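First comes the structure, then the notes that go with it.
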Amino acid sequence: MSPRAYDRRTDWKPAPRPEWVARLNEEGEWLNIRSIVPLDEESLLAEARRNTGLDDFGDDRWRDHFRVLIDAIENEAKLNFAGRILTRSDLLIYLEARLRITDCYKQHPEIEDEVITEPVFIVGSGRSGTTIFHEALSQDEQFRVVKRWEAMFPCPPPEEATYETDPRIEKAHRLITLPERIAPEWKTMHAQAGDLPVECIEFLYLTFLSEVYYCAFQIPSYVGYFRKQDIRETFAWHERILKLLQWKYKKPHWLLKGPTHMPVLPQLLETYPDAKLIFMHRDQVTTTDSVVSVQGTIYWWRTDDPWSGNMLDDIMMVEGRVKMWDRIIRWMEEGTIPKGQYANVIYQDFCEDPMKAIRGAYEAIGLSMSADAAGKIETYLRNKPKGVFGKHHYKTGGGEPGAADAERKALARYMEYFGVPSEG
């Protein structure tokens, strides 16, 4: 059987919606929801300016990205009423953050002098353990992480004295847990809280040039546009945001998580030449089975037709994953990803002996771990029971006879190169 023949998306079915969400969307079918919840440029920009009292969004390069995005959302995403409300709220948060960051740099140009030193990025396929590894390492005091609340509301820049008590934590928590009330099964897939660390795409919305948007909407025209752009522009904002966040609360290194950086690691390393990368590795059949369930649910928050745009073919279909890992292996071998700047962690090794896997990663990228840090990481892992919010159920091993074996055969080079065991 050809691995191309199996598309997991055809087997995925969403969970029933809570009654209040189903009724809201049902009633919305009879309303002129585009006028009730507008997503046009003029309305969004005017509201963001009114809410902040600011007018300067920074350089104008973002405007074309924004226009392509909102046009694609309006014409392709098939938003239901709840999805439209959620989308307008989100877009205003991003626009307001952009206004405030631009103003903060104007008021305090010295922020530009901040230096990002040897940031550590955890990368790998989605659902390969990047989140738990990120959370575990965040217990080490040498690392500064970006938490949800400061990703959503970065201004005024966080201060160390009030970092754990900032009122923005509760505001972010109420907003970020709304999807759990729209789709309760989301709690079993991914922990959400105002004070939890987030991955890089969660603070790059405001660039309007990010993979995050086609992880949230079925918008194929935006994907086509995005892939013709220079992603260095987005990484420049990535650095700009980190400088602002560390201005009043700094640690030796940033600890970041970015599975979506995988296709653009050379550009990331242009922005951060001394960056350290930790690759998480897991059986690609298992990870992709889980990704379909997760992504389907994310799309289901906003639309009744979650796979309408055939999004994420390069992740969902085996050919894309083979190409991605072949590129990464080539970058490692030719030195684009320099030796001494990356570590490889096998998910099963981490599950069997977490501290051994973590110490191995530290050693590979030249970092030291204090006894205090080791104790905090061990305590965190010991107190984090798996499935605390319920078990995430998804099909494993492919949905058709022979599909999993065919995919593992296609991915043999990846599995052999990194020593990834089959979970089938």
Q) How many residues are at pLDDT below 95, surrounded by fewer than 20 Cβ atoms within 10 Å (Cβ to Cβ) and either part of a loop (DSSP other than H, G, I, E, B) or in contact with a strand residue (DSSP E or B) (Cβ under 9 Å, 6 or more places away or on another chain) (or both) when one looks only at the range 215-236? A) 1
Q: Kindly list the number of the only condition in (1) of a type outside the set (D, E); (2) loosely packed, with under 15 Cβ neighbours inside 10 Å; (3) under 19 Å from the mean Cα position of the chain (by Cα); (4) at positive phi that fails for L312.
A: (2)
Q: Hey, could you check the range 1-21 for residues that are of a type in the set (K, R) and part of a helix (DSSP H, G or I) and say which is modelled with the highest pLDDT?
A: R9
Q: Working carefully through the options E135, E112, find the one that is over 21 Å from the mean Cα position of the chain (by Cα) and touching a residue at least 40 places away in the same chain (Cβ under 8 Å).
A: E112
Q. Quick check, is D90 among the charged types (D, E, K, R), within 16 Å of the chain's Cα centre (by Cα) and surrounded by fewer than 22 Cβ atoms within 10 Å (Cβ to Cβ)?
A. yes
Q) Do we have W30 as assigned to a loop (DSSP other than H, G, I, E, B) and surrounded by fewer than 18 Cβ atoms within 10 Å (Cβ to Cβ) here? A) yes
Q: Could you identify the single residue in L24, L39 that is part of a helix (DSSP H, G or I) and surrounded by 13 or more Cβ atoms within 10 Å (Cβ to Cβ)?
A: L24
Q) Looking at the range 308-339, which of its residues are among the β-branched types (V, I, T) and either closer than 16 Å to G124 by Cβ or in a helix (DSSP H, G or I) (or both)? A) I315, V318, V322, I328, I329, I337
Q: Test A77 against the criterion of being more than 30 Å from L242 (Cα to Cα), surrounded by 19 or more Cβ atoms within 10 Å (Cβ to Cβ) and modelled with pLDDT of 95 or more, and give yes or no.
A: yes
Q | Failed item in (1) hydrophobic (A, V, I, L, M, F, W, C); (2) at pLDDT below 95; (3) over 19 Å from L92 (Cβ atoms); (4) touching a Pro at 6+ places or on another chain (Cβ under 9 Å), with I122 passing the rest | A | (2)
Q. How about the range 283-307: which of its residues are within 18 Å of the chain's Cα centre (by Cα) and in a loop (DSSP other than H, G, I, E, B)?
A. W301, R302
Q.
Within the range 119-141, take every residue that is touching a Lys or Arg at 6+ places or on another chain (Cβ under 6 Å) and outside any helix (DSSP H, G or I) and give me the one that is farthest from I328 (Cα to Cα).
A. Q139
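The values are calculated or read from the model by the stated rules, or taken from the named source; none is laboratory data. Not measured: the values here are computed from a predicted model. Glycine gets a Cβ as well: all are built from the backbone with ideal geometry, and neighbour counts include every protein chain shown.
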